[in-house]
Amino acid sequence: MHPYVASLKTLFEQNADPVQAVPMKKYMRDQFEYLGIKTPKNVELQKEFFEKSGFPSLSDLDTILRDLWSLPQREFQYVAVGLLGRFSEQLPAKFIKTIEYLLVTKSWWDTVDSIAGGTVGVHFQRFPDVREKYLAKWRASDNFWLRRTTILFQLNYKKETDFDLLCEIIRENLNSKEFFINKAIGWSLRQYARTDPKAVKAFVKSTPLHPLSRREAMKHLEK
């Protein structure tokens with residue numbers, strides 16, 4: 001284990017709250033272990049740690065992220081996602097392999113969505129060739145978390161959103177029965193409706209969306 005991670009691990013374990021860990025684990029459907037450190041305390045501990053230890057070097061980032069991901073308690077994955085976000089504008093093109101690893105390992109909405117709408121979105125804007133290669137790969141994947149990422153990576157693009165591309169990807173997933181795909185479709189459309197509500201209304205009207213997707217997409221448009 002990288003010394004940086006070992007030091008962080010010690011700090012977090014010293015602040016564990018087993019009582020809080022029970023409902024936190026239950027909220028995530030018992031998929032992950034928790035130390036019981038809720039978000040405000042987590043943020044406070046990270047601030048304390050970073051002030052003392054600084055941020056890791058870019059050359060160590062891959063090792064540190066993978067070490068954090070290997071720990072059983074979910075709080076360490078939250079730290080990893082935050083670190084990844086801090087480095088989004090500095091990552092080399094090849095870091096997409098690490099990003100993909102984080103997306104497909106210990107996958108759940110709490111980490112995937114942050115990475116998809118954050119780091120992946122930035123990375124694809126910075127490296128068009130990477131975007132072309134990995135979008136094609138992920139769109140065809142059997143892993144629905146990767147397909148969810150292709151739906152969500154433009155969440156923060158606003159006027160820079162390639163709406164035609166988003167519509168293509170949505171159409172590819174119209175027959176999905178997966179909750180997280182149908183939810184993502186609605187979310188992506190609802191988000192883009194802030195930029196172009198007419199386009200979203202027209203797409204929803206002309207497309208046989210899953211009821212969940214339609215409901216999410218039109219949530220603020222029908223008021």
| request: Sort through Phe144, Phe153 and tell me the only one that's out of contact with any His (no Cβ under 6 Å at 6 or more places or on another chain) and under 23 Å from Leu221 (Cβ atoms). | output: Phe153
| request: Could you list all residues from region 1-28 that are in contact (Cβ under 8 Å) with a residue 12 or more places away in the chain, within 25 Å of the chain's Cα centre (by Cα), farther than 12 Å from Glu75 by Cα and assigned to a helix (DSSP H, G or I)? | output: Tyr4, Val5, Gln20, Val22
| message | Being touching a residue at least 24 places away in the same chain (Cβ under 8 Å), part of a helix (DSSP H, G or I) and surrounded by fewer than 16 Cβ atoms within 10 Å (Cβ to Cβ) is the requirement here; does Thr63 meet it? | response | yes
| Do any residues in region 195-223 that are closer than 17 Å to Thr161 by Cα and exposed (fewer than 14 other Cβ atoms within 10 Å of the Cβ) have Cβ atoms under 8 Å from those of residues that are at pLDDT below 95 and among the aromatic types (Phe, Trp, Tyr), where the two are at least six apart or on different chains, and which pairs are they? | none
| task | Filter region 152-170 down to the residues that are hydrophobic (A, V, I, L, M, F, W, C) and more than 15 Å from Pro197 (Cα to Cα), then identify the one that is surrounded by the fewest Cβ atoms within 10 Å (Cβ to Cβ). | result | Leu165
| request: Looking for whichever is under 19 Å from the mean Cα position of the chain (by Cα), closer than 26 Å to Leu91 by Cα and among the hydrophobic types (A, V, I, L, M, F, W, C) here; the options are Ile185, Ile151. Which one fits? | output: Ile151
| remark: Of the residues in region 39-48 that are within 21 Å of the chain's Cα centre (by Cα) and farther than 17 Å from Leu71 by Cα, the one that is surrounded by the fewest Cβ atoms within 10 Å (Cβ to Cβ) is Pro40
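The values are calculated or read from the model by the stated rules, or taken from the named source; none is laboratory data. Computed from a predicted model, the values in this text were never measured in an experiment. Heads up, the Cβs are rebuilt from the backbone with ideal geometry, glycines too, and the neighbour counts pull from every protein chain shown.
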